[in-house]
Amino acid sequence: MKQDTKKSLEYIFDKLARHPFLSVAVMCILLFPFGFCEVSSFTTGSYIYGGVVLALIFAALILLGKIGRNLTEMVVIYLACVGFAVGGLLLIYGYHNSPALILWLALALLAVFVALLRMTGNLSTRNFIMLMIAAGIMLRFAYILYTNSNDRQHDVGYFNWTWGHANYIEYWYKNGLKLPDYDVRLIWQHYHPPLHHWLMALLLRALTDFGMEYAKACQAIQFLPFLYSSLTTVVCYRIFRYAKLKGLPVVIAMAIISFHPTFVLMGGFFNNDMLCVLLMMLSIMFALKWVRKPTLLNIIPIALSIGLGMMSKLNAWMVAPAVAILFLYVLIKNIKSWLKYIGQFAVFGAICAPLGLWWPVRNLLGEYKIPLTYVPYLSEQDAQYCGNMSWTERFFNFGSGQTSFVYDAFTDPNFGAPYNEFNPTVGLVKTSLFGEGQTAISDVHFPQLGSTGPILFWVGVILALLCFVAFIVMMISKRSGLDGISRIFFSVLAVTMLGSYYYFCIKFPFTCTMNIRYCVPLIPLFAMGLGLLLQRFSGDSKAQKTLRVASYVLVACFVLMTLVVYTQIALPEPIMPAV
């Protein structure tokens, strides 16, 4: 029976692995109705729905996985699982509908699956990563359940208000696809390309048409960024596999992606950042696929990804230089068939350019002559302005108490920090771990982070430095396992994104510009660098063993502290019986 269970479980995981994007999307969709992504306001219907879904999942797993030696044993196991689910749901209810408990109960359940796979001999690298991705999705889900449109957002404003991304979504919700007939610079954030806001407005329309209260529906559309963030983990895995990562190195790289606070935070954004990042990562994945098999059919997804990425946010242009390098490489390599590839590039341009540029070109040629690369500029009188500091001080000063306050620093009373962030590199790390905004994660707003916040910060700093150095070493080394064009491709990606970020921080010298959200793909690139380093140094020497063990411990601490911090800001006091 153990052999039957092994084969059956492997069959289940094989089916899920063959359709990873669909599997992740289905998981997210099944989670969505439980709380409709609205700040812990679960109803009786939520608990009934959650219980029914879990009961059906347990039944399917036990039957398809042939878990149990006979029918009686299967029934006993099934009842035990259902009892666990019911007890867990009651516990969540007893703790004021706590999303944090949803996370930890889900982690406990996934740990049981890991043990079951180990007992049946099915605990492969692939299967473990699948469960790790599921755990990361549950972290994102718990986060959006205690995060609304006012928490840790960027230029979102409020629904039923006069500016911000929320107002921009409402514009499309009320007007359909009618393009603005006003100067989009006059309403804050209305200058953005509309793809993300269209999709959010479409979901908002669908929910309200099905009878959901408007205010509740406005919170529920947070589901889309949550879905984008979850799908990004699968895209990153595909990229790591193209980079020939395997075994523990790919597990380490995927642990960073699955549990990185940036992807948790961005999964709760109401703005267009997460969709743009997903499409950028897709374009990288499709480019790596195309260079291995450069056909017309394979170049079209690259064009769609970059074009739609720029139709969500113009930042998606940053993948274009590296993709152009691949195009040039393949053209030179196959110069005798140059006409074939020129034709492919023409198709690429015919798809990508209209999708990515129609919005800024329309605004440029329209009545108001809005510049192609328009970005609103804050007043130099703003407290965030740091352009009066020399660029050497801004870029090379790592003292002045910057690490005594480990969260993104604003002196605004709502932030309570002792100074305004001015160093782009420090800001990059801080915002990647704790976010930015008036309700950002900090011990000012969450005193319970007094000791755990700094631990996560310093673990994150060490990990970031290790990943950065590993990436550089592996891009230089011919023994990294990557061919030359792949190393050039990844290097150009990193240089373009870092260069664009620092240029942006110089051109717009304000605290709010120093944010990881302007170069998020660096995280998977550098995580890949660490994986390649661990794979390269897989020998038995003491130095190599020490490097591997230290890296494993560091990543494990990073994951654990992320879970602790993002639990602390959500877990309420339990309901205590009256004495």
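Tabulated results
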quantity: Selection count, the range 96-138, where residues are at pLDDT below 90, aromatic (Phe, Trp, Tyr) and closer than 18 Å to residue 264 by Cα; calculated: 0
quantity: Leading residue by the ranking (farthest from residue 144 (Cα to Cα)) among those in the range 209-224 that are in contact (Cβ under 8 Å) with a residue 40 or more places away in the chain and assigned to a loop (DSSP other than H, G, I, E, B); calculated: 212
quantity: Any chance residue 100 is assigned to a helix (DSSP H, G or I), in contact (Cβ under 8 Å) with a residue 12 or more places away in the chain, touching a Pro at 6+ places or on another chain (Cβ under 9 Å) and under 22 Å from residue 256 (Cα atoms); calculated: yes
quantity: Meets criteria (touching a Cys at 6+ places or on another chain (Cβ under 7 Å), crowded, with 17+ Cβ neighbours inside 10 Å, at pLDDT 95 or above and not assigned by TED's automatic domain parsing to the domain that holds residue 139) for residue 227; calculated: yes
quantity: Hey, residue 491 of a type in the set (Ser, Thr, Tyr), farther than 30 Å from residue 377 by Cβ, over 20 Å from the mean Cα position of the chain (by Cα) and at pLDDT 95 or above or not; calculated: yes
quantity: Number of the condition not met by residue 385 [criteria: (1) on the phi < 0 side of the Ramachandran plot; (2) out of contact with any Phe, Trp or Tyr (no Cβ under 7 Å at 6 or more places or on another chain)]; calculated: (2)
quantity: Enumeration of residues in the range 481-517 that are touching a Cys at 6+ places or on another chain (Cβ under 8 Å) and not hydroxyl-bearing (Ser, Thr, Tyr); calculated: 497, 498, 509, 510, 514
quantity: Any helices (runs of 4 or more DSSP H) falling wholly within the range 233-331 and containing at least 1 residues that are of a type in the set (Lys, Arg) and at pLDDT 95 or above; calculated: 273-292
quantity: Output for the range 439-459, where each listed residue is among the hydroxyl-bearing types (Ser, Thr, Tyr) and either in contact with a strand residue (DSSP E or B) (Cβ under 6 Å, 6 or more places away or on another chain) or under 9 Å from residue 569 (Cα atoms) (or both); calculated: none
quantity: Where residue 319 falls short, out of the listed (1) hydrophobic (A, V, I, L, M, F, W, C); (2) over 16 Å from residue 355 (Cα atoms); (3) crowded, with 22+ Cβ neighbours inside 10 Å; calculated: (2)
quantity: Residues within the range 138-181 that are outside any helix (DSSP H, G or I) and out of contact with any helix residue (DSSP H, G or I) (no Cβ under 9 Å at 6 or more places or on another chain), tallied; calculated: 6
quantity: Selection within the range 376-422 - under 27 Å from residue 460 (Cα atoms) and of a type in the set (S, T, N, Q); calculated: 384, 392, 397, 400, 402, 403, 404, 411, 414, 420
quantity: Residue satisfying condition, being under 27 Å from residue 232 (Cα atoms), among the small types (Gly, Ala, Ser), touching a residue at least 60 places away in the same chain (Cβ under 8 Å) and not in a loop (DSSP other than H, G, I, E, B), within set 111, 115, 135, 206; calculated: 135
quantity: Count of residues meeting criterion [surrounded by 15 or more Cβ atoms within 10 Å (Cβ to Cβ), under 31 Å from the mean Cα position of the chain (by Cα) and at pLDDT 85 or above] in the range 58-80; calculated: 1
quantity: Qualifying residue in the range 149-167 (condition: at pLDDT 95 or above and surrounded by fewer than 22 Cβ atoms within 10 Å (Cβ to Cβ)); calculated: yes
quantity: Tally of residues being in contact with a helix residue (DSSP H, G or I) (Cβ under 9 Å, 6 or more places away or on another chain), among the aliphatic types (A, V, I, L, M) and farther than 25 Å from residue 268 by Cβ across the range 529-555; calculated: 7
quantity: All positions within the range 381-403 that are assigned to a loop (DSSP other than H, G, I, E, B) and either assigned by TED's automatic domain parsing to the domain that holds residue 187 or surrounded by 11 or more Cβ atoms within 10 Å (Cβ to Cβ) (or both); calculated: 382, 383, 384, 386, 387, 389, 397, 400, 402, 403
quantity: Criterion (at pLDDT 90 or above, within 17 Å of residue 154 (Cα to Cα) and surrounded by 12 or more Cβ atoms within 10 Å (Cβ to Cβ)) met by exactly one of 457, 434; calculated: 434
quantity: Enumeration of residues in the range 291-316 that are hydrophobic (A, V, I, L, M, F, W, C) and over 13 Å from residue 357 (Cβ atoms); calculated: 291, 296, 297, 299, 300, 302, 304
quantity: Evaluation of residue 270 against (1) out of contact with any Cys (no Cβ under 7 Å at 6 or more places or on another chain); (2) surrounded by fewer than 24 Cβ atoms within 10 Å (Cβ to Cβ); (3) touching a residue at least 60 places away in the same chain (Cβ under 8 Å); (4) under 28 Å from residue 144 (Cβ atoms) (one fails), failing number; calculated: (2)
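For (1) assigned by TED's automatic domain parsing to the domain that holds residue 96; (2) closer than 24 Å to residue 118 by Cα; (3) of a type outside the set (Val, Ile, Thr); (4) not in a loop (DSSP other than H, G, I, E, B), each residue gets a yes or a no:
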residue: 8; (1), (2), (3), (4): yes, yes, yes, yes
residue: 12; (1), (2), (3), (4): yes, yes, no, yes
residue: 37; (1), (2), (3), (4): yes, no, yes, no
residue: 52; (1), (2), (3), (4): yes, no, no, yes
residue: 61; (1), (2), (3), (4): yes, yes, yes, yes
residue: 66; (1), (2), (3), (4): yes, yes, yes, no
residue: 74; (1), (2), (3), (4): yes, yes, yes, yes
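Residue-wise test of (1) in contact (Cβ under 8 Å) with a residue 12 or more places away in the chain; (2) surrounded by 14 or more Cβ atoms within 10 Å (Cβ to Cβ); (3) more than 26 Å from the chain's Cα centre (by Cα).
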{"site": "312", "(1), (2), (3)": "yes, yes, no"}
{"site": "323", "(1), (2), (3)": "yes, yes, no"}
{"site": "335", "(1), (2), (3)": "no, no, yes"}
{"site": "343", "(1), (2), (3)": "yes, no, yes"}
{"site": "349", "(1), (2), (3)": "yes, no, yes"}
{"site": "356", "(1), (2), (3)": "yes, yes, no"}
{"site": "376", "(1), (2), (3)": "yes, no, no"}
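The values are calculated or read from the model by the stated rules, or taken from the named source; none is laboratory data. No experiment lies behind these values; they were computed from the predicted model shown. Note: ideal-geometry Cβ built from the backbone for every residue, glycine included; neighbour counts use all protein chains shown.
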